[in-house]
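Notes follow once the structure below has been shown.
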Amino acid sequence: MTDLRPYQLTSAQLLEQLDDMVSATFSDLTSQFMLLPRGSSFVGYEDFLAGYEAVRHATNGFASVSVDQCWNAIQNNALALVVIRCILGVSPPEWQDLTFEETGVRLPNNWARGIDGKVKRNHAFFTSSTGKTALTVERTTLLLRSACRALLSGAEEAPEGLIHRLEKIDTTDGLQSVRYVAQQHVPYAVLLYERFLGRPFASHRDSISELVGDVMESAIEEQLTLQRIPFRKTKRAERVPGFDQAPDFFVPDELAPSVIIEAKITGDDGTARDKVSRILRLASMRDQWIAKGRRGFQVVACIDGRGFGVRRQDLKDLLVATHGKVFTASTLSDLVSSTDLQAFRPR
């Protein structure tokens, strides 16, 4: 394996050694799928247990369940709302759908997801001024009403070829099942089967998906700030005149860009391909500017994650389009010295 990296070669050298440079970049990619950002809304087991105990005490060990009892629980510890959702086995948007089916009232889009995040960050949410508003109380009551009805009824008989979402060990027979699981030692195989159906950390991965991407962007921002290089970092989904999609970074700015940086960490090859396509469009735009006599800009890609290691041809296209200016987390320290960014570094 060569010690050289594509950003260290001339365009001619890059084309001559393209396969080697693809292999070198592949070797630099790190999966990082075993590590996740905790984020501000991560809930540890001890905190979750406190929320569970609030529900257990309020329902007298699940002897009965009512909206009032659930309110007592979530006022004692707002995480009880998350516990109730986990007993149902649904995501926040699915709880909204269930609420509409049970009550006929449709909550605003993503409202349940929003309150789910709030109670994770503030366990006293329902005793705060925000949680006590009439609108919040009304909407939360609707969620709890639908949950109580579902927990009392249990799993309905499903048509051939289908399975009811409540057909799991703790809800299949309604509250009787909840009591059984709460009072008995659940067999380990059952726990593993529930985990197999739900995927470990799936909910947390969904909630911090944006933070995963921010890891690379934050590292780039740190490099640029350290070297005192002027830059403009765009906001998510921001519209920038002249660009179909706003790049992640402009140096020095979007009015006269000299360097454009795109950043992405992903373990999904589909997401990686989307990012590659986006960078290729920027490279095409750069070439069009030059053909029209305008000053072009350098396109730089900062990537990582196993998603970029799936399609060899995609990485070839990326290296050619960026003239080799592709960096990973392990080579990001070379970002400034090996690109046109160095021209903006104060002497």
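The values are calculated or read from the model by the stated rules, or taken from the named source; none is laboratory data. Only a predicted model underlies this, so the values are computations on that prediction, with no experimental measurement involved. We place every Cβ from the backbone using ideal geometry, glycine too, and count neighbours over all the protein chains shown.
Tabulated values for the structure
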read-out: Unmet criterion (only one of (1) among the basic types (Lys, Arg); (2) assigned to a loop (DSSP other than H, G, I, E, B); (3) within 13 Å of Ile220 (Cα to Cα)) for Lys264; value: (2)
read-out: Segment 79-122, residues that are of a type in the set (Phe, Trp, Tyr) and free of Cβ contacts under 8 Å to residues at least 40 places away in the same chain; value: Phe100, Trp111
read-out: Top-ranked residue in segment 216-258 [being polar (S, T, N, Q) and in a helix (DSSP H, G or I); ranked as surrounded by the most Cβ atoms within 10 Å (Cβ to Cβ)]; value: Gln223
read-out: Yes/no for Val178 being over 29 Å from the mean Cα position of the chain (by Cα), closer than 26 Å to His57 by Cα and in the same structural domain as Arg56 (by TED's automatic domain parsing); value: yes
read-out: Qualifying residue in segment 43-59 (condition: within 30 Å of Lys264 (Cβ to Cβ) and either surrounded by fewer than 21 Cβ atoms within 10 Å (Cβ to Cβ) or among the hydrophobic types (A, V, I, L, M, F, W, C) (or both)); value: yes
read-out: Condition check for Lys120: touching a helix residue (DSSP H, G or I) at 6+ places or on another chain (Cβ under 8 Å), loosely packed, with under 14 Cβ neighbours inside 10 Å and in the same structural domain as Pro92 (by TED's automatic domain parsing); value: no
read-out: Leading residue by the ranking (nearest to the chain's Cα centre (by Cα)) among those in segment 260-308 that are at pLDDT 95 or above and hydroxyl-bearing (Ser, Thr, Tyr); value: Ser277
read-out: Selected residue [more than 32 Å from the chain's Cα centre (by Cα) and in the same structural domain as Ser66 (by TED's automatic domain parsing)] from His185, His164; value: His185
read-out: Subset tally (residues that are surrounded by 14 or more Cβ atoms within 10 Å (Cβ to Cβ) and either free of Cβ contacts under 8 Å to residues at least 24 places away in the same chain or in contact with a His (Cβ under 9 Å, 6 or more places away or on another chain) (or both)) for segment 177-204; value: 3
read-out: Enumeration of residues in segment 296-347 that are out of contact with any Pro (no Cβ under 9 Å at 6 or more places or on another chain) and charged (D, E, K, R); value: Asp304, Arg306, Arg311, Arg312, Asp314, Lys316, Asp317, Asp334, Asp340, Arg345, Arg347
read-out: Of all residues making up segment 302-314, the number that are over 16 Å from Arg281 (Cβ atoms), of a type outside the set (Phe, Trp, Tyr) and assigned to a helix (DSSP H, G or I); value: 5
read-out: Hits in segment 67-105 (condition: acidic (Asp, Glu) and either closer than 19 Å to Ser203 by Cβ or part of a loop (DSSP other than H, G, I, E, B) (or both)); value: Glu94, Asp97
read-out: Options Ser23, Ser64, Ser41, Ser31; residue that is small (Gly, Ala, Ser), in a loop (DSSP other than H, G, I, E, B) and at pLDDT 90 or above; value: Ser64
read-out: Flag for Val105 being closer than 21 Å to Thr171 by Cβ and either at pLDDT below 95 or of a type in the set (Val, Ile, Thr) (or both); value: no
read-out: Test for Phe308: is it crowded, with 17+ Cβ neighbours inside 10 Å, assigned by TED's automatic domain parsing to the domain that holds Asp28 and within 29 Å of Ser27 (Cα to Cα); value: yes
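Condition check ((1) in contact with a Phe, Trp or Tyr (Cβ under 8 Å, 6 or more places away or on another chain); (2) in the same structural domain as Leu175 (by TED's automatic domain parsing); (3) under 30 Å from Arg145 (Cβ atoms)) across all residues:
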residue	(1), (2), (3)
Gln13	no, no, no
Val22	no, no, no
Ser27	no, no, no
Arg56	yes, yes, yes
Gly61	no, yes, yes
Val67	no, yes, yes
Gln75	yes, yes, yes
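To keep it simple, each residue is scored yes or no on (1) part of a helix (DSSP H, G or I); (2) touching a residue at least 60 places away in the same chain (Cβ under 8 Å).
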position	(1), (2)
Ile260	no, no
Gly270	yes, no
Arg273	yes, no
Arg278	yes, no
Leu282	yes, no
Val300	no, no
Lys316	yes, yes
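Residue-by-condition table, conditions (1) farther than 30 Å from Ala321 by Cβ; (2) charged (D, E, K, R); (3) under 24 Å from the mean Cα position of the chain (by Cα):
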position	(1), (2), (3)
Asp28	no, yes, yes
Ser40	yes, no, yes
Leu49	yes, no, no
Gly61	yes, no, no
Leu79	yes, no, yes
Val83	yes, no, yes
Glu94	yes, yes, yes
Thr99	yes, no, no
